1. Hey, could you check region 6-30 for residues that are farther than 17 Å from LEU76 by Cβ and modelled with pLDDT under 90 and say which is most open to solvent (accessible area, probe 1.4 Å)?
2. Could you check, for region 23-37, whether at least one of its residues is closer than 27 Å to SER2 by Cα, part of a loop (DSSP other than H, G, I, E, B), in contact (Cβ under 8 Å) with a residue 12 or more places away in the chain and touching a strand residue (DSSP E or B) at 6+ places or on another chain (Cβ under 7 Å)?
3. Evaluate the following for ILE35: is it of a type in the set (A, V, I, L, M) and at pLDDT 95 or above?
4. Which count do you get for residues in region 56-81 that are over 23 Å from GLU32 (Cα atoms) and open to solvent by 20 Å² or more (accessible area, probe 1.4 Å)?
Amino acid sequence: MSINCVWCGKEIEEIEGQATMDTCDECEDFFEDNIDNIAKTLNELLRENETSKNGKNNDEKKAWISYSLITAIHMLSSKPYLEFKDSKYKENLPQ
């Protein structure tokens, strides 16, 4: 079975009898080296989305943006500046 890196698409060599990662070494190194900057940027985008003016027909879109950013920050093992339960857009997503 061919496995490709989920970030760059490069084929990952499988070693028989061992688990195979879904990211290549280069992407792993990149994220490890840049995780603080990535988390900072995602938190800045989250803060910008949460502090933007409410527009009734835009609230669902903004809710998905906040939810997606918070999820991404959690996946990167960092702390979002706010949890989705505290988002002003929480009520705009189906429960």
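The values are calculated or read from the model by the stated rules, or taken from the named source; none is laboratory data. What you see is a predicted model, and the numbers here were worked out from it, not measured in a lab. Cβ atoms come from the backbone with ideal geometry, glycine included; neighbour counts cover every protein chain shown. SASA here: full protein model, heavy atoms, side chains in, ligands and nucleic acids out. Shrake-Rupley method; radii C 1.70, N 1.55, O 1.52, S 1.80 Å.
1. Selected residue: GLU16.
2. Yes, some residue in region 23-37 is closer than 27 Å to SER2 by Cα, part of a loop (DSSP other than H, G, I, E, B), in contact (Cβ under 8 Å) with a residue 12 or more places away in the chain and touching a strand residue (DSSP E or B) at 6+ places or on another chain (Cβ under 7 Å).
3. So ILE35 fails the test.
4. Matching residues across region 56-81 total 9.
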